[in-house]
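What follows is one structure encoded as structure tokens, with my remarks underneath.
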Amino acid sequence: MKIAIAGIGYVGLSNALLLAQQHKVYATDIIAEKVSAINRKESPVADDYIKKYLAEKKLSLTATLNKEKAYKNAKFVIICTPTDYDVESDYFNTKTVESVIHDILIINDKTTIIIKSTVPVGFTEKIRKQYHYQHILFSPEFLRESKALYDCLHPSRIIVGDHTERAKEFTSVMMKAITKQDVPVLYMHSSEAEAVKLFSNAYLAMRIAFFNELDTYAQTFHLKSHHVIEGVALDPRIGNHYNNPSFGYGGYCLPKDTKQLLANYKSVPNNIISAIVTANTTRKNFIADIIIKMKPEVVGIYRLVMKKGSDNFRTSAVQGVMKRIKAKGISVIIYEPVFKGNKFFESEIIKSLDEFKQRSHVIIANRMSRDIEDVSSKVYTRDIFYNN
């Protein structure tokens, strides 16, 4: 069957590759460079599985700027466009999703629309009523950055915000494409599925915040964080995973999703959800204060990206630390090989790693690397377990 994908970032491209093994997939985007790269079988994102599949797998995948070519006669259209958090409205900006739905229904009013973009609770129900079109469902993704296609092939669960036969047909298509066996499938109301996505990411952010606050406590009272974390994590109810301290949670999903969930909580009593949002600010303040007390003349930022193997530094926690340091008049230089410009928020980008090491009095790194082990005496990091 023909399947269309709207938006070819991590989520859209990984779903396109998953389904293009068995179906004719047309992936559309407004960025010409992404479209050209995919048609050359090159990945526009940093993901080893995506690179491998594009290079080696037999796929029926066409990337196009032409939305009519993509949507016309498609059995399913999967929306994977970005929904950034709008600080002024205190809500997700869902204009890209709404615009795509509008275009789809003009071109193909027989299709089933699947929203995978993260949206506020109640959005799908509202949009169905707005367009008087019931064949719109929400099915969230739970993908790790730089591991998106792997997670598509080996999902922890499939959540579908609909109970109709069309929803079950879509689930069947997905189940036949994935590698993992016996994946749990849950059908529920669209608003419940939207809540699953937001609460899942809020829990992950909470876990990061918890172990960061444990690390803050340990540093304050001169305890060894790794001893305390290992002892806590050996309780099987807690688990020895997702417990490596950092400068805070960041990236594309967790900051915006926690804020959106908090916005949904406006009329609901809460303590934990609001604390998750404010905990990130507290952690960045703490890290910045430590660096400021060292009184360095030049602070080097080793990588803006959130973690190893990533090319995304959107809302990375180290940026928050950097801004606080610069506010105190301390000079900041940056080593980030994936950044193409010469300056990032008026801070100089150093292209040479050797020059970066030489000029930096203190180097801060959210994640440690062999690249800077030779100057480890200069490095401040909270990467205790050397993993993401």
Any idea how far apart Phe345 and Ser156 come out in nm if each label point goes 7 Å out from Cα toward Cβ?
2.9
Residue-wise HN-Hα coupling along segment 367-383, computed from phi with Karplus coefficients 6.51, -1.76, 1.60 (Hz; x: Gly, Pro)
10, 5, 8, 4, 4, 10, 5, 6, 10, 4, 5, 8, 8, 10, 8, 10, 6
Rounded to the nearest 20 debye, what is the charge dipole size of segment 1-76 about its Cα centre when +1 sits on each Lys and Arg Cβ and -1 on each Asp and Glu Cβ?
360
Loop-only check: which trypsin sites (Lys or Arg not before Pro) in segment 6-107 are DSSP coil with at most 12 other Cβ within 10 angstrom?
Arg40, Lys57, Lys58
Going by average Cβ neighbours within 10 Å, how do the peptides 60-66, 281-287 rank, with the highest at the top?
281-287, 60-66
Go through segment 267-276 residue by residue and turn each phi into a ³J(HN,Hα) via Karplus (6.51, -1.76, 1.60, θ = phi - 60°); whole Hz please, and just put x for glycine and proline.
9, 10, x, 7, 10, 5, 4, 5, 5, 4
From the cross-link list Lys126/Lys180; Lys41/Lys307; Lys266/Lys343, the entries with a Cα-Cα span beyond 27 Å are Lys126/Lys180; Lys266/Lys343
Given the options Ile106, Ser369, Leu234, identify the residue whose Cα lies farthest towards the positive end of the charge dipole of the chain (+1 on Cβ of Lys, Arg; -1 on Cβ of Asp, Glu).
Ile106
Cubic angstrom per residue, convex hull over Cα atoms of segment 120-278
145
With each run of n ≥ 4 DSSP H residues scored as -39500 (n - 2.57), what mean residue ellipticity at 222 nm is computed for the chain after dividing by its residue count and rounding to the nearest 500 deg cm²/dmol?
-13000 deg cm²/dmol
In order over segment 296-307: 3J(HN,Hα) from phi, Karplus 6.51/-1.76/1.60, θ = phi - 60°, whole Hz, x for each Gly or Pro, gives x, 7, 10, 9, x, 9, 8, 6, 8, 5, 6, 8
If every Lys and Arg gets +1 and every Asp and Glu gets -1 at its Cβ, then about the Cα centre the chain yields a dipole, in debye to the nearest 20, of 400
On each of the three principal axes of the Cα atoms of the chain, give max minus min coordinate, whole Å, ordered largest first.
64, 49, 42
Length-normalised contact order of segment 202-252 in % [C-alpha pairs under 8 Å, at least 6 apart]:
48
What does the accessible area per residue of the chain come to in Å², with a 1.4 Å probe and no ligands, DNA or RNA counted?
48
Percent RCO, i.e. relative contact order, over segment 54-125, from Cα pairs under 8 Å lying at least 6 residues apart
37
Measuring from the lowest to the highest alpha carbon on each principal axis, how far does segment 249-347 reach, largest first, in angstroms?
46, 30, 22
For the chain, what's the relative contact order in percent, using C-alpha pairs closer than 8 Å and at least 6 residues apart?
12
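The values are calculated or read from the model by the stated rules, or taken from the named source; none is laboratory data. Because the structure is predicted, anything quoted here is derived from the model rather than measured. With ideal geometry, Cβ positions are generated from the backbone for all residues, glycine too; neighbour counts draw on all protein chains shown. Note: accessible area is taken over every heavy atom of the protein model, side chains too, but ligands, DNA and RNA are not part of it. Shrake-Rupley method; radii C 1.70, N 1.55, O 1.52, S 1.80 Å.
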